[in-house]
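The structure under discussion appears below in the form of structure tokens.
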Amino acid sequence: MFERGERQVDVASALGVSQQTASKWHRAWLTGGHEALEGAGRAGRMPRLS
């Protein structure tokens, strides 16, 4: 969305996150591109039940 020129406030609204989160994402994108925005994977313990 940032590549398309969307404003941070519009990204936050579209994705249902705070403007602070969108601002963090934007800074990460500016410094590291797509790779900086990739998910870190699952956090926390693995479930005991399958």
I'd like the full set of residues that are out of contact with any helix residue (DSSP H, G or I) (no Cβ under 7 Å at 6 or more places or on another chain) and aliphatic (A, V, I, L, M), limited to segment 4-50. A14, L15, V17, L30, A40, A43, M46, L49
So which pairs qualify, if the first residue must be in segment 1-18 and within 18 Å of H34 (Cβ to Cβ) and without any contact (Cβ under 8 Å) to a residue 24 or more places away in the chain, the second must be among the β-branched types (V, I, T) and surrounded by 15 or more Cβ atoms within 10 Å (Cβ to Cβ), the Cβ gap must be under 7 Å, and the two must be at least 6 apart or on different chains? M1/V11
For segment 5-36, give me each residue that is in a helix (DSSP H, G or I), open to solvent by 60 Å² or more (accessible area, probe 1.4 Å) and small (G, A, S). S13, A14
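The values are calculated or read from the model by the stated rules, or taken from the named source; none is laboratory data. Worth saying up front: this structure is predicted, and the values here are computed from it rather than measured. Every residue, glycine among them, receives a Cβ derived from its backbone with ideal geometry; neighbour counts consider all protein chains shown. Calculation scope for accessible area: heavy atoms of the full protein, side chains included, ligands and nucleic acids excluded. Shrake-Rupley method; radii C 1.70, N 1.55, O 1.52, S 1.80 Å.
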